[in-house]
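The values are calculated or read from the model by the stated rules, or taken from the named source; none is laboratory data. The structure presented is a predicted model; accordingly, all values stated were derived computationally and were not measured. Note: ideal-geometry Cβ built from the backbone for every residue, glycine included; neighbour counts use all protein chains shown.
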């Protein structure tokens, strides 16, 4: 029998040790690490998370269209960015990633909420949408007021759908003429949202 040589990741109390802020150029140094986290998570899940280059991540930081979660020792705990489509008619909170040491602490929910609030502030008239295979993300989106929709209710911008090319299920999407895939489409329409309490 082989000995288990894996190293257990430390469990970190995210609620006590993580700060979530709007990313700025001071966070450029984390761009490569964020890209690596996205790529690793996509491989582990076996589904697509659009791969991004560090330059893309830095551009989102420079534009003030990203949130970053940093642990007490200034390590990346999580990240999410905003992208717009159809001239600001649609916005997406994308690339939500949590570093393995910070998972299962409710941090994804906190980051997604912060990205949602930033999106609503920057694009108050935009419909927010996402596509995901993650049950956890679906639950978070539902809490924020997103509803499951068919892909026909999402952007028809070709550039958005090209981001799906790194997903192993891209052939399903193309075979179905972008009408359906293994992902669930979710939409938050500010015109249908209940008034804030």
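Structural remarks
- Considering only residues in segment 25-42 that are more than 13 Å from residue 54 (Cβ to Cβ) and surrounded by 13 or more Cβ atoms within 10 Å (Cβ to Cβ), the one that is modelled with the lowest pLDDT turns out to be 42.
For (1) under 24 Å from residue 97 (Cα atoms); (2) assigned to a loop (DSSP other than H, G, I, E, B); (3) in contact with a helix residue (DSSP H, G or I) (Cβ under 9 Å, 6 or more places away or on another chain); (4) touching a residue at least 24 places away in the same chain (Cβ under 8 Å), each residue gets a yes or a no:
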| position | (1), (2), (3), (4) |
| --- | --- |
| 125 | no, yes, no, yes |
| 131 | yes, no, yes, yes |
| 137 | yes, no, yes, yes |
| 152 | no, no, no, yes |
| 155 | yes, yes, yes, yes |
| 190 | no, yes, yes, yes |
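- Pick from segment 165-197, criterion touching a strand residue (DSSP E or B) at 6+ places or on another chain (Cβ under 8 Å) and surrounded by 14 or more Cβ atoms within 10 Å (Cβ to Cβ), ranking: nearest to residue 115 (Cα to Cα): 188
- Failed item in (1) surrounded by 22 or more Cβ atoms within 10 Å (Cβ to Cβ); (2) under 13 Å from the mean Cα position of the chain (by Cα); (3) at pLDDT 90 or above, with residue 48 passing the rest: (3)
- Selection within segment 97-108 - part of a loop (DSSP other than H, G, I, E, B), over 15 Å from the mean Cα position of the chain (by Cα) and within 12 Å of residue 18 (Cα to Cα): 105
Conditions tested, residue by residue: (1) over 19 Å from residue 153 (Cβ atoms); (2) touching a strand residue (DSSP E or B) at 6+ places or on another chain (Cβ under 7 Å); (3) assigned to a helix (DSSP H, G or I); (4) at pLDDT 95 or above.
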{"residue": "87", "(1), (2), (3), (4)": "no, no, no, no"}
{"residue": "94", "(1), (2), (3), (4)": "no, yes, no, no"}
{"residue": "110", "(1), (2), (3), (4)": "yes, yes, yes, yes"}
{"residue": "115", "(1), (2), (3), (4)": "yes, yes, yes, yes"}
{"residue": "121", "(1), (2), (3), (4)": "yes, no, yes, yes"}
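- Top-ranked residue in segment 105-122 [being surrounded by fewer than 20 Cβ atoms within 10 Å (Cβ to Cβ) and without any contact (Cβ under 8 Å) to a residue 40 or more places away in the chain; ranked as farthest from residue 38 (Cα to Cα)]: 121
- Only listed residue being surrounded by fewer than 21 Cβ atoms within 10 Å (Cβ to Cβ), under 20 Å from residue 116 (Cα atoms) and out of contact with any strand residue (DSSP E or B) (no Cβ under 7 Å at 6 or more places or on another chain), chosen from 62, 55: 62
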